[in-house]
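Below is one structure, written out as structure tokens; the observations come after it.
The values are calculated or read from the model by the stated rules, or taken from the named source; none is laboratory data. What you are looking at is a predicted structure, and each value in this text was computed from that prediction instead of being measured. Here Cβ is always computed from backbone atoms with ideal geometry, including for glycine, and neighbour counts include all displayed protein chains. Surface accessibility is based on the protein's heavy atoms, side chains included, excluding ligands, DNA and RNA. Shrake-Rupley method; radii C 1.70, N 1.55, O 1.52, S 1.80 Å.
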Amino acid sequence: TTSYSWAATAIDYLYEEDLVNGTGSNKYSPAANMIRGDFILMLYRALGLSATANGNFTDVPKSSYYYDAVAVAKALGVAQGTNGYFYPTKSLTRQDAMVFVYRALQAKGVKVTEGTNSDLSAYNDRSSISSYATTSVATLVKAGVIVGAGSKINPSGNLTRAEMAVILH
């Protein structure tokens with residue numbers, strides 16, 4: 001719809017490159033929240049991540065369509081989990097998505113100038129970015145991957161499928 005015209009080019013590109021699929025019945029569902037397992041799968045496909053996987057998180061079923069992608073992300077240190085759990089069906093926060101992207105870029109050897117707190121000065125909600133995510137968020141802002149919405153970065157908000165497409169594009 002016109003509500004998501006800002007994401008249409010990215011969604012079309014990722015679809016044409018066979019990096020994303022819809023949610024069934026020929027729908028993309030741009031407003032739907034991304035789940036952690038799906039985001040890792042899209043990141044894995046978009047960047048062509050590869051590694052020798054040595055196990056997976058306790059809560060990622062072998063039968064899941066994102067099993068291999070999460071296993072590779074774990075092996076590369078992109079996905080680190082908590083106490084052996086990844087929570088693949090939980091909605092993904094925007095700051096966690098940025099952490100995954102930053103780590104994936106590092107794993108691929110992509111050179112990105114590291115951001116600092118001063119790169120976040122335009123966002124009045126910057127103090128709500130978790131300490132573990134600050135460098136990732138600042139780096140992606142500095143690189144122009146993340147632009148936020150007005151004066152907000154909304155770090156703890158859920159990432160939508162439309163936002164995912166724009167980030168990966």
> Which residues does a label at S128 reach in the stretch 69-100, if reach means a backbone N under 14 Å from a point 7 Å past the Cα toward the Cβ?
Replying inline: 93-96
>> So I have (1) 24.4; (2) 14.5; (3) 9.9, and one of them is mean projected area of the Cα convex hull in nm² calculated from this model. Which one is it?
In response: (3)
> Per the 1.4 Å probe, what fraction of the accessible area of the chain, in percent, lies on carbon and sulfur atoms?
Replying inline: 47
>> I want to verify a result. In a Gaussian network model of the chain, Cα cutoff 10 Å, which of these has the top mean-square fluctuation: N154, N54, N124?
In response: N54
> Between S91 and N117, what is the spin-label point distance in nm, taking each point 7 Å from the Cα along the Cα→C-beta axis?
Replying inline: 3.0
> Among rounded, prolate and oblate, which fits the stretch 89-169 when a ≥ b ≥ c are the square roots of the eigenvalues of its C-alpha gyration tensor, a/c under 1.5 means rounded, and a/b larger than b/c means prolate?
Replying inline: rounded
> Where in the chain are the DSSP H helices whose alpha-carbon span along the long axis reaches 20 Å or more and whose Kyte-Doolittle mean is at least -0.5?
Replying inline: 94-108
> Which of V72, V99, V110 moves the most in a Gaussian network model of the chain with Cα springs under 10 Å?
Replying inline: V110
> In nm, to one decimal, how far is the modelled label at T2 from the one at V110, with both set 7 Å along Cα→Cβ?
Replying inline: 3.3
> Around A31, what is the net charge, scoring Lys/Arg as +1 and Asp/Glu as -1 over all other residues with Cβ under 12 Å from its Cβ?
Replying inline: +1
